[in-house]
Ligand code: ZN
């Protein structure tokens, strides 16, 4: 198991060092901003929708290794997926990082590297920030997503 954890850590560190799809999408259909005041992670998700399908997805932002790697792997995972598939993956990913049994866990693919996050509750928000932000972008919400209550976020900003 120790080796497996090492391998997972390697994937996360690699995505932190060389984030995939870290760019702005010109003519993005949607975008949303997310902020995790507990850690200082910031992320902007850009989406290009082709009907119900995500034809392109990218991110910009700064934060800890977990939040950056999570955003990077999110973009790799969701390109070409439909909105429904994306929301279903968000649900599974959330269960994974909060330590709940994941139904159909084998479909998580590379997202499985975040399974260790469940042992560090403070890191859960780092791992899910990009996903909450994606959800907001899909929903078309204009407001900044925060992992904390709105009042607290305003104070921290
Ligand atoms: Zn973080």
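Only the coordinates and a few stated rules stand behind these numbers; no lab work does. Given the structure is predicted, the values throughout are model-derived calculations rather than measurements. Here Cβ is always computed from backbone atoms with ideal geometry, including for glycine, and neighbour counts include all displayed protein chains.
Structure data summary
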| item | result |
| --- | --- |
| Order of 11, 57, 102 under a 10 Å beta carbon neighbour criterion, fewest first | 11, 102, 57 |
| Computed over the chain, the ratio Rg/Rh where both radii use C-alpha atoms and Rh is Kirkwood | 0.95 |
| Segment residue 98-residue 50, extension gain: residue separation times 0.36 nm, minus the distance between their alpha carbons | 14.1 nm |
| Fully extended contour minus Cα-Cα distance, from residue 82 to residue 107, at 0.36 nm per residue | 7.5 nm |
| Where a label projected 7 Å from the Cα of residue 9 along Cα→Cβ would reach, residues of region 49-72 with amide N under 18 Å | 64-70 |
| Two-site FRET efficiency, residue 23 against residue 118, from Cβ-Cβ distance with R₀ of 25 Å, rounded to 0.05 | 0.25 |
| Value at 222 nm in deg cm²/dmol, rounded to 500, when DSSP H runs of n ≥ 4 in the chain each add -39,500 (n - 2.57) | -14500 deg cm²/dmol |
| Computed over region 35-105: relative contact order in percent, which uses C-alpha pairs under 8 Å that are six or more apart | 24 percent |
| Antiparallel DSSP beta bridges within the chain, percent to nearest 5 | 85 percent |
